[in-house]
């Protein structure tokens, strides 16, 4: 594809319970929490959409695990309705790419289902590849700020002894 899969994304019904479950069952973590995340220019199927995400990121080996609990307009790229407590559903694999348009052309998936910007340098796009690859593919601009974020997650995990809390504020890790 576009390089190694950098992130495995899951939609969850309870972020704290999911972080605890992932940590205890797989050793992933600790999870860095970004409550109330919003993205500039967020769209769903070409139309602007107001969506807030509670997100947590943790490492499982060389892969980042992203747990996502959306709130706001439904349906959205994460599903038709919110998940219930204790529910967790595979959602996407993420790739960091230098040229989003070029990478998207290789997916042969049509237009992106969702687009958004983290900042002026980082764009993300979700493509519906469920029929051909089993889930969504997220393409994220590969640049210094993106790499720094992935490096932070790896650095925090490398120094973690598996102790609680499993869910920690992102600001405390930076």
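In table form, for the structure just shown:
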read-out: The chain: angle of helix 15-26 to the longest principal axis, Cα-based, in degrees nearest 10; value: 70
read-out: Fraction of beta bridges assigned by DSSP in the chain that are antiparallel (%, nearest 5); value: 75
read-out: Peptides ranked, highest mean first, by Cβ atoms within 10 Å: ranges 60-73, 144-157, 8-21; value: 8-21, 60-73, 144-157
read-out: Degrees between helix 144-158 axis and first principal axis of the chain (Cα, 0 to 90, nearest 10); value: 30
read-out: Share of alpha-carbon pairs per 10 Å distance bin for the chain, given as whole %; value: 10, 40, 38, 12, 0
read-out: Cα centroid separation, region 1-64 to region 133-170 (Å); value: 9
read-out: Relative contact order [Cα under 8 Å, 6+ residues apart], region 8-164, whole percent; value: 26
read-out: Rg to Rh, two decimals, where region 73-122 supplies the alpha carbon set and Rh follows Kirkwood; value: 1.02
read-out: Calculated Rg and Dmax of region 77-155 using C-alpha coordinates, Å; value: 13.8, 39
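Only the coordinates and a few stated rules stand behind these numbers; no lab work does. Keep in mind it's a predicted model, so treat the numbers as computed, not measured. When we count neighbours, we look across all protein chains shown, and the Cβ atoms used for this are built from the backbone with ideal geometry, even at glycine.
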